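This report concerns only the one structure given below.
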Amino acid sequence: MEKIKRIVIDNISKKFMIGYSNNMGALARFVSLFSGKEPKRLIHALENLSFDVSSGEIVGIIGNNGSGKSTLVRIIAGIYYPDGGRVITKGKIISLINLIVGLKERLTMKENIFLVGSLFGMSQEEIKKEFNNIVEFSELKEFVNTKIYQFSAGMMQRLAFSIAVSAKPDILLLDEVFEVGDEDFKKKSVDKIRKIVEDGACVVLVSHDLPLVEKYCDRVIWIKEDKSLIKGEPNKVVSQYKED
Amino acid sequence: MVGKKYFKNFFELSLSLAKAEFKLRNEGSYLGIFWYLLNPLLVFGLLLLVFSDRLGNDISQYPLYLLLGVVMFNFFQSSTVESVTSVLKENRWLIKSINFPRESLVASIVLKNLFSHFFEIIFFMIFIVFFKASIIGILYYLPILIFFCSFVFGVSLFLASLTAYFVDLENIWSFAVRLLWLGTPIFYAIDGQTKLYYVNLFNPLYYFITVARDLIVYAKMPDVSIIFGMIFYTLLSFFAGVLVFNTLKIKFAEKI
C-alpha cells in the first residue's frame, strides 16, 4: 500500500496564559480594562515542533508529566489551535484522551455505545452495524444492559477503546489508554491497532508504559523538558529517556 | 453531498445527547415528564387565580392568552438558562477530549426542551377544546415554532459561548430572564400603554407571543409589522448566535 502522510506537524508552538483571567466575572473584567493590571503567567507548552506520521505507522510519544504530550495530541485532534505553525491531517481522527470522558455513568453500556459512537462521528446506522463487534471486542456481553457506574476502570477502558476502534479511524490518538487495563486486553488491543494500521491508518500513542512503547511502536518521539524533541528507534529513545 | 451527511450526523448527535440528558434527568423519577409540565402549569394556575378577575378581566379568552404566553416563555427560559449553566461547564472534559461539533451541545438542550414543550402544547390544546375556541388555529403553531426554535437556538448559542469568558453570566442571565418575564405581556396586555409598547418593540419575545396569540387564540391575522419583527429577530438571533459561537468556539477547550 502506498504510504501517505496522515499527520504533518510543521513548526507548531502553543502558549497558555495562566492567570486569574479565566475565572473573572463580567464586572471584574470590565474594571481590569481600565486598571490594565491582570496577573498573568505565560507558559510555553510546545515550541517549534515538527514531525510527521505516515499511514501504517505507530508512533509513540513519551515525556515527563507536563511536557506537553496531551497538548500535542489535542492540537492534532483539532481541539486546541496552535499559536504558530501548521497542522495538516488527512482522514478521520478519533481521539481517546481522557477515558472516562463521554461515557455517562448513569446510562447503560448499550446507551453509552450509541452516545459515544455519535460523538465519534458515527451515524446511527453505522453504530447499529458495529454494535455486536463493539460488545464482542470489549468482552462485556453480559453487562450490555448494566449502568456503567458499576463498571471498574478497566471495564470502562475496554468499552471506550472498543467504540473508538469501531469508528474506523484513519488517525487514532491514544493518550494514556493502556494504563488501567489488564495484560490480556492490552495484547488484544495492540493486535487490533496493528490491524487497522496495516489497513492504512496511523496511530499516535502517548504512554508512560515504556515496555509497551518500546515493543510496539515503529518510532518514538520524546518531548524533553526544554521542548526539544528526540526522535528515532524505540529502543534507543526509550533507553535515552530512562537515563535522563 | 458532504453537507447533507454533515447535517444528518449533526442532528443525530444532538438527538443522542438530548436523549441521554433526558434519561439522566428522569432516572428513578416516577413522574418523569410531568415534572417538566409541573412548573409551567403551576405558574399558569397561580397567575390565573390571582389575575383572572382583575387584570385579565378585559382580555378575552384570558386563560388561553395566559397559558400560551406561559408555555412559550417557559421554552425560551429553560433552553437559554440551561445553555448558560450547563453547556460548557458540564461538558468540559468532553470538549477537551473529542473534537465533535460543539453546536450540538446547545442543539441538544433546545431539542430536549422542545420535547417537553410538545407536551405543554398538548395540554394547551386540551384547554382550547375546554374553552371551545377553534382547534384549527393550533396548526399555525408549527411554522411559528420553526421561527421560535431558530430564535431560541441563536440566543442559546450566543449565551453558551460567552460563558467561556464570563463566569457570572449565569447570574446576569437569570436576572435578565426575570426582567423579561415581567416586561413581556404574558399575564397582562399591553393595550394603550405607550411607554410599555415602545419598550416591547425591542423585546423579541413580544413578537413571537403576539403572533401566536393572534393566530391561535383569536383566529385573526397579526399585524404585518409584528410578523416582520418576528422574522427579523429570528434571523438576527440565529445568525448572530452562529457567528459568535463559531468565532469563540476555537478557544473553548482552553478557556474552560
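For residues that are out of contact with any Ser or Thr (no Cβ under 9 Å at 6 or more places or on another chain) and open to solvent by 20 Å² or more (accessible area, probe 1.4 Å), scanning just region B:99-124, find the one that is nearest to residue B:35 (Cα to Cα).
By that ranking, first place goes to B:119.
Looking only at region A:75-96, which residues are closer than 19 Å to residue A:116 by Cα and either facing chain B (nearest Cβ under 7 Å) or part of a strand (DSSP E or B) (or both)?
A:77, A:78, A:79, A:93, A:94, A:95, A:96
Could you tell me how many of the residues in region A:57-97 are within 18 Å of residue A:168 (Cβ to Cβ) and among the small types (Gly, Ala, Ser)?
Of the residues in that region, 4 qualify.
Look at residue B:96 and say whether it is at positive phi, over 13 Å from the mean Cα position of the chain (by Cα) and open to solvent by 10 Å² or more (accessible area, probe 1.4 Å).
no
For residue A:65, state whether it is under 16 Å from the mean Cα position of the chain (by Cα), open to solvent by 20 Å² or more (accessible area, probe 1.4 Å) and at the interface with chain B (Cβ under 10 Å from one of its Cβ atoms).
So residue A:65 does not fit the description; no.
Would a scan of region B:220-231 turn up a residue that is open to solvent by 10 Å² or more (accessible area, probe 1.4 Å), farther than 30 Å from residue A:17 by Cα, β-branched (Val, Ile, Thr) and in contact (Cβ under 8 Å) with a residue 40 or more places away in the chain?
Yes - at least one qualifying residue is present in region B:220-231.
From B:191, B:168, which residue is acidic (Asp, Glu), surrounded by fewer than 18 Cβ atoms within 10 Å (Cβ to Cβ) and over 23 Å from residue B:60 (Cα atoms)?
Of the residues listed, the single one that is acidic (Asp, Glu), surrounded by fewer than 18 Cβ atoms within 10 Å (Cβ to Cβ) and over 23 Å from residue B:60 (Cα atoms) is B:168.
What about residue A:179, is it modelled with pLDDT under 85 and under 18 Å from the mean Cα position of the chain (by Cα)?
For residue A:179, the condition - modelled with pLDDT under 85 and under 18 Å from the mean Cα position of the chain (by Cα) - is met.
Do we have residue B:144 as open to solvent by 10 Å² or more (accessible area, probe 1.4 Å) and β-branched (Val, Ile, Thr) here?
So residue B:144 fails the test.
One line per residue, one yes/no per condition, for (1) assigned to a helix (DSSP H, G or I); (2) more than 10 Å from every other protein chain (Cβ to nearest Cβ); (3) under 14 Å from residue A:204 (Cα atoms):
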residue	(1), (2), (3)
A:48	no, yes, no
A:53	no, yes, yes
A:112	yes, no, no
A:125	yes, no, no
A:128	yes, yes, no
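I'd like to check something: does region B:191-204 contain any residue that is farther than 23 Å from residue B:51 by Cα, within 14 Å of chain A (Cβ to nearest Cβ) and at pLDDT 95 or above?
No, region B:191-204 contains no residue that is farther than 23 Å from residue B:51 by Cα, within 14 Å of chain A (Cβ to nearest Cβ) and at pLDDT 95 or above.
I'd like to verify a number: residues in region B:128-167 that are assigned to a helix (DSSP H, G or I) and closer than 22 Å to residue B:222 by Cα, how many?
So the count comes out to 18.
Might you let me know whether region A:142-152 holds any residue that is surrounded by fewer than 16 Cβ atoms within 10 Å (Cβ to Cβ), assigned to a helix (DSSP H, G or I) and touching an Asp or Glu at 6+ places or on another chain (Cβ under 6 Å)?
yes
Looking at (1) part of a helix (DSSP H, G or I); (2) over 21 Å from residue B:223 (Cβ atoms); (3) of a type in the set (Gly, Ala, Ser), find the lone condition where residue B:212 falls short.
Just one mismatch for residue B:212, condition (2).
Just to be sure before I move on: is residue B:173 within 14 Å of chain A (Cβ to nearest Cβ), in contact with a helix residue (DSSP H, G or I) (Cβ under 8 Å, 6 or more places away or on another chain) and assigned to a helix (DSSP H, G or I) in the structure I sent?
Considered against the rule, which asks whether it is within 14 Å of chain A (Cβ to nearest Cβ), in contact with a helix residue (DSSP H, G or I) (Cβ under 8 Å, 6 or more places away or on another chain) and assigned to a helix (DSSP H, G or I), residue B:173 comes out as yes.
The values are calculated or read from the model by the stated rules, or taken from the named source; none is laboratory data. Since this is a predicted model, take the numbers as computed values, not measurements. Virtual Cβ from ideal backbone geometry, glycine too; neighbours counted across all protein chains shown. Please note that ligands, DNA and RNA were not included when accessible areas were found on the heavy atoms of the full protein model with its side chains. Shrake-Rupley method; radii C 1.70, N 1.55, O 1.52, S 1.80 Å.
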